[in-house]
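Have a look at the structure below before the remarks.
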């Protein structure tokens, strides 16, 4: 998050210099309540830690950073309204979005206002492709799904899991992820043996899992967030269907681990950050994060 904030301030330097008042106002938007809060809250905590560290050494050009925080609740319309509020409040830049569909609804707000947006969380491939690169105010630090999906597909093919069932939700995240998985399979001259689409909040997918089993799938590739990933894992366990579940980074979310319990054991996912103190900078971050947030 230090790097993201640094990039924001560099991109927004002219705005920061022109901004009224002493503090440099930076927008933060994400799902801090609701079903996506298990990854929105850690994002906010990381941003707050980065701002504290920057302010502790004098801020930006001697001016403190002030975070203007908006909760999008994981809802596209709420996110759009919050984005419009941030633009109206004159933030120099914004960091945020954990849900691809929510971000998609709001990109035009930041682009039209020429307010740099750095996305540290949402991974849907289309987010940074909407505007031509030389003209785009949309940036990202998270690994997009067109990187994650081929990485996971390469791994499962090496393991001999080539009869893939894809379970993708109907949000912008699930739609984009489905396309990336299908493209990655096609690059390997493979095709999914079964595809299920479902809305967020679904409580039971056992019938769809039975259909995937009947199609001969030997691995489930899920593209959704934590709670729905747990629905898949629990349904698979109830059916006694012992095939692996793989996916992108939402399989590491608390909602999946806590909701799936032992049914979540053995899930494989792409990760860009491992919470091990294997180098000095990572150890310092983990220590500071724990001191601040417990």
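If you count, for each residue, the other Cβ atoms within 10 Å and average over each peptide, how do 233-240, 160-167 line up from highest to lowest?
With the highest mean Cβ count within 10 Å placed first, the list reads 160-167, 233-240.
Starting with the highest mean, order 120-130, 196-206 by the number of other Cβ atoms within 10 Å, averaged over the residues of each peptide.
120-130, 196-206
Counting DSSP beta bridges with both partners in the stretch 2-142, what percentage is antiparallel, nearest 5?
Taking every DSSP beta bridge with both residues in the stretch 2-142, the antiparallel ones total about 5 percent.
Using only DSSP helix segments of four residues or longer, with each worth -39500 (n - 2.57), what per-residue ellipticity at 222 nm results for the chain after dividing by its residue count and rounding to 500?
Helix-only estimate at 222 nm: -14500 deg cm²/dmol.
Can you sort 292, 189 by how many other beta carbons sit within 10 Å, fewest first?
Least crowded to most crowded, the residues run 189, 292.
Given bins 10 angstrom wide, list per bin the percent of all Cα-Cα distances in the stretch 141-189, short to long.
Going from the shortest bin to the longest, the percentages are 26, 55, 18, 0.
Three principal axis extents, largest first, for the C-alpha atoms of the chain, in Å?
The Cα atoms of the chain stretch 64, 39, 32 Å along the principal axes, largest first.
Working only with C-alpha atoms, what are the Rg and Dmax values of the stretch 143-267, expressed in angstrom?
Radius of gyration, then largest Cα-Cα span, for the stretch 143-267: 12.9, 36 Å.
Over the stretch 37-162, consider all pairs of different Cα atoms and compute the Kirkwood hydrodynamic radius from their mean reciprocal separation; express it in Å, one decimal.
The Cα-based Kirkwood calculation yields 16.0 Å.
Read-outs: derived from the displayed coordinates by stated rules, not from any lab. This structure is a prediction, so every number in the text was calculated from the model and none was measured. With ideal geometry, Cβ positions are generated from the backbone for all residues, glycine too; neighbour counts draw on all protein chains shown.
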